[in-house]
Amino acid sequence: MPHVVVDPITRIEGHLRVEIEVDGAGKVTDAISSGTAWRGLELVMKDRDPRDAWAYIQRICGVCTTAHALASVRAVEDALGIAIPRNANYIRNIMAATLTVQDHIIHFYHLHALDWVSPVEALAANPAKTAELQTSLLNAYRLPLKVPNEVMTEAYPHDFPAATPQYFTAVQAKVKAIVDSGQLGIFAAQWWDHPDYKLLPPEVHLLAVAHYLEMLDKQREIVTPHVIFGGKNPHPHYVVGGVPCAISMNDGNAPVNTARLAIVDRAINFARVLVNNYYLPDLIAIGNIYVRAGRVDGGGLAKTRVMAFGDYPLDGYKGTSNGGGYFNNLLIRSNGVVENFGQGLANAQFFEIKPEDLTEQSTITEGVEHAWYEYPDHKDLHPWEGITKPNYTGPKTGTPTMWETLNEGGKYSWLKTPKWRGKVCEVGPLANYIIIYTKSVKGLLGSQPTWAEKMMLDQIAAVSSVLGVPAETWLPTMVGRTACRCLAAQVAAEINKFFFDKLVENIKLGDTTTMNNEKWLPETWPKECMGVGLYEAPRGALSHWNVIKDGKIDNYQCLVPTTWNACPRDDKAGHGAYELAMMDTHVAVPDKPIEIARVIRSFDPCMACATHMYNAKGEEINVISTDPYRR
């Protein structure tokens, strides 16, 4: 039985190693997911001023920086009981939605696309047929939108994808020159001879490669709201109590004025174009072929248990865990857990996450049974009691710096294992869609879904119609996980416009307040307090937990989406989402396991150079460099 090691998984953020056992039929019988870098930023937070926490903690990552900053300020505000102004809430929602749209576009085109499409296959495409395909995709796969009455700020629709034979001929010629040179550059080191690339017609490959190249430029234009409201990107600025940008319609030098609001509006409208006219048609065209070919594997833990926190507060609130109204005020009310979705809707169960669940010591915990950390008495801990004490023990075979196989029976990852009521969960856009869909079918969305929830349900129905299978079939799969990122980007693009219109309307009413500094000074704080900040980040449920004592941070813990999904197994709770997804994936060619890389990247891991392959004896049988400059 081949023992396959992929280390590192490339085209992700950070460092990730996976190991699988594959039988003769291509079934993965066991899988290990290992985070191979220690973050340790929780220790940096000790004794920091809580008002500065967001600036330090968002350095966890260079991709989802604003996600961590937002969760951090929410955690501090929860601890101190600070209510932010209405404008601040709108602006934070715009920045969050902007991140979601850009992150998903970058993930699909520049991280995940080459798992599906090949520049080599694109060389066989007919440019005229590719142009016809582009037009037919726009007609067939632009899902109907039912959004609130919006303020029309564009004179006419524009920015449609190019759909001429001449355009695709030029792109094809450029790609051919790269391939013929033998130096594929950004397309280097991939298994282009894998049979999966034959699933798609050459014209789909050419169209997707063209859009891959276009998005290298286009995606950067949609993040302008971070620059206007947060001063820069990445790592935009935040502030406890509101947002760090003053509003004035009279001062041409004000951070936010009419001219700069117009720039934000232009970026928001452009993001909607990219999702509706490029991303969504491309995604459905590829996903449709895979589903109809029977590729409905890779669901893993999504069939058993998913979790989300929900997001986009409609108005101001005064906390999360303290009963301050956060959960009662959400545009997307996916705060909860769905179990057994893979057994059919009749057997699916929904459990709501409420403020008291955040403070209950046994509801959300972390364990370190198979993680390189130490916990007292080997028990799971609530994040407010969490400990970050490293304890590296090395691999099962090999050396501490040159691993052969990891110790699945002992410790093998720098990621802890988060749990909900002692159980592991999958988080991410797929979780949100499963939860909203389940709540709707079971009549748990109340008398009327919000417009965003209704849009999500309409998307599910439309995609089910295109694929020709019920939502219960395609949602808990690798294709479903990838599709839900696109659907989430479409919803976020409309949420962006929704809150921008609300911001402008509120400013017109004379409200320009962006900051509540009533509790800015430490002498107004309690001697000891604790809080949690929640955010439904692009990769899923994110939570920051802090304990403040004597005006300083005494403990800080982050439960990030990738920790939930990439966590090591637990002897009682079982495998995490990555491990189960790999075990639910068929591998056609063990020494070219593109299916494993594809299913892992469907999570958009937040972890790059050579792929090592080992046989059952642990002997290296192949090395594939993923860095064209490394030999």
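The values are calculated or read from the model by the stated rules, or taken from the named source; none is laboratory data. Computed from a predicted model, the values in this text were never measured in an experiment. Please note: Cβ atoms are built from the backbone with ideal geometry, for glycine as well, and neighbour counts cover all protein chains shown. Protein only, heavy atoms only, side chains kept; ligands, DNA and RNA dropped before computing areas. Shrake-Rupley method; radii C 1.70, N 1.55, O 1.52, S 1.80 Å.
Here are a few things to note about the model shown:
- For region 544-568, the tally of residues that are assigned to a loop (DSSP other than H, G, I, E, B) and open to solvent by less than 30 Å² (accessible area, probe 1.4 Å) stands at 4.
- Among the candidates GLY316, GLY298, the residue that is among the small types (Gly, Ala, Ser) and under 30 Å from GLU579 (Cα atoms) is uniquely GLY298.
- Residue list for region 507-538, filter: assigned to a helix (DSSP H, G or I) and closer than 27 Å to PHE309 by Cα: none
- Of all residues in region 539-558, those that are on the phi > 0 side of the Ramachandran plot have Cβ atoms under 9 Å from Cβ atoms of residues that are surrounded by fewer than 19 Cβ atoms within 10 Å (Cβ to Cβ) and assigned to a strand (DSSP E or B), 6 or more apart or on another chain, in ASP550/GLU528.
- Identity of the residue in region 381-392, modelled with pLDDT under 95 and assigned to a loop (DSSP other than H, G, I, E, B), that ends up surrounded by the most Cβ atoms within 10 Å (Cβ to Cβ): GLY386
- Close Cβ contacts (under 7 Å, 6 or more residues apart or on different chains) running from residues in region 400-417 that are over 11 Å from ARG17 (Cα atoms) to residues that are part of a strand (DSSP E or B) and open to solvent by 40 Å² or more (accessible area, probe 1.4 Å) comprise GLU404/THR397; GLU404/GLY398.
- The residue that is most open to solvent (accessible area, probe 1.4 Å), counting only those in region 412-425 that are assigned to a loop (DSSP other than H, G, I, E, B) and out of contact with any helix residue (DSSP H, G or I) (no Cβ under 8 Å at 6 or more places or on another chain), is ARG421.
- When residues of region 363-377 are limited to those that are of a type in the set (Ser, Thr, Tyr) and in a loop (DSSP other than H, G, I, E, B), the one farthest from PRO568 (Cα to Cα): THR363
- Those residues of region 393-406 which are open to solvent by 10 Å² or more (accessible area, probe 1.4 Å) and either part of a loop (DSSP other than H, G, I, E, B) or within 14 Å of ASP571 (Cβ to Cβ) (or both), in sequence order: THR393, PRO395, LYS396, THR399, PRO400, THR401, MET402
- Hits in region 569-595 - residues which are more than 30 Å from GLU385 (Cα to Cα), hydrophobic (A, V, I, L, M, F, W, C) and surrounded by 24 or more Cβ atoms within 10 Å (Cβ to Cβ): ALA581, MET582
- Answer from ALA452, ALA461, ALA489 - the residue that is more than 17 Å from PRO313 (Cβ to Cβ) and either in a loop (DSSP other than H, G, I, E, B) or open to solvent by less than 10 Å² (accessible area, probe 1.4 Å) (or both): ALA489
- Just one of the listed residues (GLY409, GLY468, GLY428) is under 30 Å from GLY574 (Cβ atoms), in contact with a helix residue (DSSP H, G or I) (Cβ under 9 Å, 6 or more places away or on another chain) and of a type in the set (Gly, Ala, Ser), and it is GLY428.
- Single condition HIS237 does not satisfy, out of (1) within 30 Å of PRO157 (Cβ to Cβ); (2) open to solvent by 10 Å² or more (accessible area, probe 1.4 Å); (3) modelled with pLDDT of 95 or more: (1)
- Options ALA541, ALA581; residue that is under 21 Å from the mean Cα position of the chain (by Cα), at pLDDT 95 or above, assigned to a strand (DSSP E or B) and farther than 30 Å from PRO522 by Cβ: ALA541
- Within region 113-227, helices (runs of 4 or more DSSP H) holding 3 or more residues that are of a type in the set (A, V, I, L, M), buried (at least 16 other Cβ atoms within 10 Å of the Cβ) and under 30 Å from the mean Cα position of the chain (by Cα): 127-141, 202-218
- The residues of region 323-363 that are acidic (Asp, Glu) and over 23 Å from the mean Cα position of the chain (by Cα), listed by number, are GLU356, ASP357, GLU360.
- Hits in region 273-306 - residues which are open to solvent by 30 Å² or more (accessible area, probe 1.4 Å), closer than 21 Å to GLY428 by Cα and part of a helix (DSSP H, G or I): LYS303
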